[in-house]
1. Of all residues being surrounded by fewer than 19 Cβ atoms within 10 Å (Cβ to Cβ) and over 29 Å from residue 216 (Cα atoms) in segment 284-300, which is modelled with the lowest pLDDT? Just the residue, please.
2. Would you check if residue 36 is among the aliphatic types (A, V, I, L, M), modelled with pLDDT under 95, within 21 Å of residue 283 (Cβ to Cβ) and surrounded by fewer than 17 Cβ atoms within 10 Å (Cβ to Cβ)?
3. List the pairs whose first member sits in segment 156-171 and is closer than 18 Å to residue 221 by Cβ and among the hydroxyl-bearing types (Ser, Thr, Tyr), whose second member is assigned to a strand (DSSP E or B) and modelled with pLDDT of 95 or more, and whose Cβ atoms are under 9 Å apart, counting only residues at least 6 apart or on separate chains?
4. For segment 45-54, give me each residue that is of a type outside the set (Ser, Thr, Tyr) and either surrounded by fewer than 19 Cβ atoms within 10 Å (Cβ to Cβ) or part of a strand (DSSP E or B) (or both).
5. Looking only at residues that are within 24 Å of residue 218 (Cβ to Cβ) and out of contact with any Leu (no Cβ under 9 Å at 6 or more places or on another chain) in segment 101-112, which one is surrounded by the fewest Cβ atoms within 10 Å (Cβ to Cβ)?
6. So which of 131, 138 ends up being touching a Leu at 6+ places or on another chain (Cβ under 6 Å) and either closer than 25 Å to residue 299 by Cβ or part of a strand (DSSP E or B) (or both)?
7. Go through segment 260-300 and give me each residue that's touching a helix residue (DSSP H, G or I) at 6+ places or on another chain (Cβ under 8 Å) and acidic (Asp, Glu).
8. For residue 275, which of the numbered conditions (1) in contact with a Lys or Arg (Cβ under 9 Å, 6 or more places away or on another chain); (2) surrounded by fewer than 17 Cβ atoms within 10 Å (Cβ to Cβ); (3) not acidic (Asp, Glu) fails to hold?
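The values are calculated or read from the model by the stated rules, or taken from the named source; none is laboratory data. This is a predicted model, so every value here is computed, not measured. Note that each Cβ is placed from the backbone with ideal geometry, even for glycine, and that neighbours are counted across all protein chains shown.
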Amino acid sequence: MFQRLCGTGLILAIVFSLTAFSSVAQERRTSLPHQAPVPDTTAPRTEEMVDVGGRKLHCRVYGERGPTVVLVSGFGAPQSYWDTVLPEIAAQTTVVTFDRAGVGKSEIGSLPTHGLQSAKDLRSLLGQLKVPTPYVLVGHSYGGNVVRLFASSYPDSVGGIILEDSQHEDALEEQRKILEGEDLDQFEQLAARFGTPDDPKTELDYINITKEQVRESKPLPEVPFVVLTAGDRNAGMPPMFSEAARKNLGELGLSLQKRLVALVPGGKQIVVEGVGHNMHVEKPDALINPLVQMIKEIRK
């Protein structure tokens, strides 16, 4: 659901995702810039359904050695969304991909599908896979919420964190402050579509609950921390907003990314120019390079 999410806020990101994911496969690259000299790591060494307690999650394990890189997809995206970067990362270290409950091949079960439960599911999954610690967590978009909740809940197991164009939990409120007139009316109509139902089931149903969980979570561990920010903040933004509103929302998005950087002392921000929300699809090296550097730093 992520071909052109702008990343300026949770509600807007969901709206873009609902119409975009069908064309992701057409955009996905068939080769990487440095793939030729890299050993064949495209086939997982393990692929299985793992019972995490109340439901089974589909997962794959690639590569060898520690640390273990855990790739956490954005809202509604299956683990295959990481195919553009898997060969190079798996050539360096162990990599785990998985489908969250109700996504891809994984069961939804009877437990909630909010971010905190997803973090608990992931903890159980990694423990049963017995992959080496520490974990280097990579969260794209909504996946950044799950990564933050995991890292704040289980800090001793985390060796590094990368947030790829993830949304700040205050995005919705901050967007309201800068919109006015017809732009604000359009925004409120969008936001009204994403309330929490009486009987929530899916990640979308729990989206507001997840946001509050992130807001109330404990501080992140002081580990290597990188925030990857798409330079083209306006790519994919709904056309119903005025040009001025689009500009202001884009600038706000960059400002909120800086708030994410400040979550960990010494955090680093990398603004990737020429790409939209899905930078690891559009420009795989934007994620591969800082991730490989982080792995080297952890191994020292």
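1. If we take residues in segment 284-300 being surrounded by fewer than 19 Cβ atoms within 10 Å (Cβ to Cβ) and over 29 Å from residue 216 (Cα atoms), then 300 is modelled with the lowest pLDDT.
2. yes
3. 157/135; 166/139; 166/140; 166/227; 166/228
4. 45, 47, 48, 49, 50, 51, 53, 54
5. Per the criteria, the residue is 111.
6. 138
7. 282 - this is the single residue of segment 260-300 that is touching a helix residue (DSSP H, G or I) at 6+ places or on another chain (Cβ under 8 Å) and acidic (Asp, Glu).
8. (2)
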